[in-house]
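Only one structure is covered here, and it is reproduced in the block below.
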Amino acid sequence: MKSKFNQSNIKVAIASAVIVGSVSLSTAGYAATLTVNAIIGESCAIDASSTMNFSNYNAATTHNALTGVDLTSTATVGSLCNTGTTAMFNLDGGVRPGGTSLAPTRSLATSTSSDGTMNYQLYKASGEAAVIFGAGGTGGVTDQGGLSLIADGTSNDVTIYGVLLKGQTNPQGTYTDTVNITITY
């Protein structure tokens, strides 16, 4: 039997084979990459939920000017800075500041101005040679001003040592002050 080939049918068959072959054999496509960045800046947080209490001040006996002693107290303030942050823990002079930012003088008062004020101080460490806790400075424990923090991503508890000076004969009452705590970085 003799087959009759039509030239146009052969062309269509060849074109179809090329198209089907190129679609099924093609590995062409597009490739790209996605870059993911996280930019972490310096940051710190403060937990100042504690209160420093000077309880049972007695100017006539225990805390008299001649033979008495200063009344001491402490408060602990938590701070957390992410790793690598260069941070300074600072205290201001309170509501009635005096002195300088490096070595502020502080006082407690009642809501009645005629009661006067009671002088107290905050320190970086306990003892007679302790350095006043203020703001700024070099940040060393033995330097006036603020305190440098170790920023390693873990909590830093900073103990603040307070001294209410002996020999203050103010009227009975509750004397308060508010000291602002800042972390600069």
Exercise for review: Could you please find all residues in the range 110-130 being surrounded by fewer than 19 Cβ atoms within 10 Å (Cβ to Cβ) and of a type in the set (A, V, I, L, M)?
Suggested key: A125, A129, A130
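Of everything in the range 133-145, what is over 14 Å from V77 (Cα atoms) and touching a strand residue (DSSP E or B) at 6+ places or on another chain (Cβ under 6 Å)? Give them in sequence order. It would help to see each step written out before you state the result.
Here is the first cut: in the range 133-145, the ones over 14 Å from V77 (Cα atoms) are 134-145.
Those that are over 14 Å from V77 (Cα atoms) and touching a strand residue (DSSP E or B) at 6+ places or on another chain (Cβ under 6 Å): G134, A135, G136, G137, G139, Q144.
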Check your understanding: Taking the stated definitions as given, is G99 under 26 Å from K166 (Cβ atoms) and either of a type in the set (S, T, N, Q) or surrounded by fewer than 16 Cβ atoms within 10 Å (Cβ to Cβ) (or both)?
Key -> yes
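Quick check, is V158 surrounded by 17 or more Cβ atoms within 10 Å (Cβ to Cβ) and at pLDDT below 95? Explain how you work it out, then say what you get.
On the way: surrounded by 17 or more Cβ atoms within 10 Å (Cβ to Cβ): yes; at pLDDT below 95: yes.
Answer is yes for this residue.
What tally of residues in the range 137-150 results from selecting those that are surrounded by 15 or more Cβ atoms within 10 Å (Cβ to Cβ) and out of contact with any Phe, Trp or Tyr (no Cβ under 6 Å at 6 or more places or on another chain)? If you could, list the steps in order and put the result at the bottom.
Kept after step one, since they are surrounded by 15 or more Cβ atoms within 10 Å (Cβ to Cβ), are these residues of the range 137-150: 137, 139, 143-149.
Still in the list and also out of contact with any Phe, Trp or Tyr (no Cβ under 6 Å at 6 or more places or on another chain): 137, 139, 143-145, 148.
Going through the range 137-150 one residue at a time, the tally reaches 6.
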Practice item. Take the range 112-170 and flag every residue that is without any contact (Cβ under 8 Å) to a residue 24 or more places away in the chain and in contact with an Asp or Glu (Cβ under 9 Å, 6 or more places away or on another chain). Key: V131
Exercise for review: Mind listing just one residue for me: the one in the range 135-182 that is over 11 Å from L91 (Cβ atoms) and among the hydrophobic types (A, V, I, L, M, F, W, C) and, of those, farthest from the chain's Cα centre (by Cα)?
Suggested key: L165
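For the range 31-50, which residues satisfy the criterion of being under 18 Å from the mean Cα position of the chain (by Cα) and part of a loop (DSSP other than H, G, I, E, B)?
Let us first name the residues in the range 31-50 that are under 18 Å from the mean Cα position of the chain (by Cα), namely 40-50.
If the condition is that a residue be under 18 Å from the mean Cα position of the chain (by Cα) and part of a loop (DSSP other than H, G, I, E, B), then I40, G41, E42, S43, A48, S49, S50 are the ones that fit.
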Exercise for review: Residues being within 21 Å of N119 (Cα to Cα), loosely packed, with under 10 Cβ neighbours inside 10 Å and among the small types (G, A, S): count how many of those fall in the range 30-85.
Suggested key: 2
Check your understanding: Of these, L66, L80, L108, which one is over 21 Å from V141 (Cα atoms), among the aliphatic types (A, V, I, L, M) and touching a strand residue (DSSP E or B) at 6+ places or on another chain (Cβ under 6 Å)?
Key -> L108
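The values are calculated or read from the model by the stated rules, or taken from the named source; none is laboratory data. This one's a predicted model, so the numbers in the text were calculated from it and none came from an experiment. Neighbour counts run over all protein chains shown; Cβ positions are idealised from the backbone, glycine included.
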